[in-house]
1. If I filter region 223-245 for residues that are without any contact (Cβ under 8 Å) to a residue 60 or more places away in the chain, surrounded by fewer than 18 Cβ atoms within 10 Å (Cβ to Cβ) and either closer than 28 Å to Val375 by Cα or not β-branched (Val, Ile, Thr) (or both), do I get at least one hit?
2. Of the residues Val278, Val195, which single one is surrounded by 18 or more Cβ atoms within 10 Å (Cβ to Cβ), in contact (Cβ under 8 Å) with a residue 40 or more places away in the chain and under 30 Å from Val401 (Cβ atoms)?
3. If you go through region 234-248 one residue at a time, do you hit one that is at pLDDT below 95 and part of a loop (DSSP other than H, G, I, E, B)?
4. From the list Arg385, Arg307, Arg378, which one is more than 21 Å from Glu238 (Cβ to Cβ), in contact with a strand residue (DSSP E or B) (Cβ under 7 Å, 6 or more places away or on another chain), surrounded by fewer than 24 Cβ atoms within 10 Å (Cβ to Cβ) and touching a residue at least 24 places away in the same chain (Cβ under 8 Å)?
5. Within region 32-50, count every residue that is within 13 Å of Tyr394 (Cα to Cα) and crowded, with 18+ Cβ neighbours inside 10 Å.
6. Against the definition (touching a residue at least 40 places away in the same chain (Cβ under 8 Å) and in the same structural domain as Leu363 (by TED's automatic domain parsing)), how does Tyr263 come out, yes or no?
7. Condition test on Val139, is it surrounded by 20 or more Cβ atoms within 10 Å (Cβ to Cβ) and within 22 Å of Ser364 (Cα to Cα)?
8. Which numbered condition trips up Lys34, out of (1) in contact (Cβ under 8 Å) with a residue 40 or more places away in the chain; (2) farther than 23 Å from Leu113 by Cα; (3) out of contact with any Ser or Thr (no Cβ under 9 Å at 6 or more places or on another chain)?
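The values are calculated or read from the model by the stated rules, or taken from the named source; none is laboratory data. As the structure is a prediction and not an experimental result, all values here were calculated from the model. A quick note on method: Cβ atoms are made from the backbone with ideal geometry, for glycine too, and the neighbour counts reach across all protein chains shown.
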Amino acid sequence: MKIETMRVLHVLDRSVPDLSGYSIRSKSIVDFQKEVGIIPTVITSPKYLRPFPYEENQGVAYYRFTADVSGVFQVPFIREKAVMNLFEKKILRLIDPLKIDIIHAHSPSLNGLPAMSAARKAGIPFVYEMRAFWEDAAVDLGRFSEGSFKYKVSRYMEAKLLRGADALIGICEGITNEVSVRVKRDSVYIVENGVDTQKFKPRPKADKVIQEYDLAGKLVVGFIGSFFTFEGIKILIEAASRITKKDRDIKFLIVGGGVEDQYLRALAKELGVFENCVMFTGKVPHEQIMDCYSVMDILVYPRISKRITELVTPLKPLEAMAMEKAVIVSDVGGLKELVTDGKTGVYFKAGDTSDLADKVLALSENEELRRRLGVSAREEVVANRQWPKIVPKYLDIYNEVMRNKQ
């Protein structure tokens, strides 16, 4: 098959205009796949509601699931099975008109199972990409407990996909190693998280952000991301309460929002650091994120140690590294895959407020070290973690799958 004729249908949980790490990775994949001759198309899941059945974004077609599922029998598992059947039919209706060659589904299994069934009925290859083990994320969100019936069902559904896909892709070593333990496969490919280094690059500090949050003359420690429990932002705020007692010229800027928003603000107030030391911006429009990054001297990613953080790499640290920022990360497995201690960033012991406070203070006092870490971080990202170098791996995987199907 000629490269320029390869048409891939990406089955996604959600997509742009949502701006989560999941959707940003997805957008980067399809946008840069166009650069290597692939023709990508997207369909999003029944969980992601949009008012239009079809949209375009930078020349990529996005099809939306618009069927009314309100009348589906509201019984756990029966409901999910019924919705997946409807989603499968929607996927099947796109394959022939769009001349799809490969279906590439991305986590979770509620996307993967209907996509795999559709691919089998159409007689085309099926690729499944794991971004995380979603049962672990559900445990963190309190939807069910580890070892519960729902947890076991979720693992069973995922295992069915892991065994049935023509090719498996993990976004990091933690995931691929775990998959190798669960099911015996000849190979599990890795296509890492990446960043657009032409977009995320060093830039002058934004005066409007400095003025809005009274940051003039201050060293700024920042966090940008979603407020989930496993992100460990609580640890950062507790560290801030210790740091401000020793150095009042350090300010903390927390950018984003999520399920822990109100709890974290209340914690900052309780510790006496709300607004005078720790400032929350709330959710910021995507076009303003660069300005927020620009004013930060140190970025902290304080993830606590859980299965999800030990196995899965986040995307946000790569953005900061591309912008030549000094980063401090907890020593969980997913962050250690991205950052080398003392070379491209600094580790602290996960969950240890005192150790984080010490590392922030030490780095705040050493401008030359911050500069060196930032320069090395960008060099690493440019060399190994920019999308133009990562996305061609998909073409190699697709070509191998197509050859094996012939």
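1. yes
2. None of the other options fit; the residue is Val195.
3. Yes, region 234-248 has at least one match.
4. Arg385
5. Result for region 32-50: 5.
6. no
7. Spelling it out, it is not the case that Val139 is surrounded by 20 or more Cβ atoms within 10 Å (Cβ to Cβ) and within 22 Å of Ser364 (Cα to Cα).
8. Of everything listed in (1) in contact (Cβ under 8 Å) with a residue 40 or more places away in the chain; (2) farther than 23 Å from Leu113 by Cα; (3) out of contact with any Ser or Thr (no Cβ under 9 Å at 6 or more places or on another chain), Lys34 misses just condition (1).
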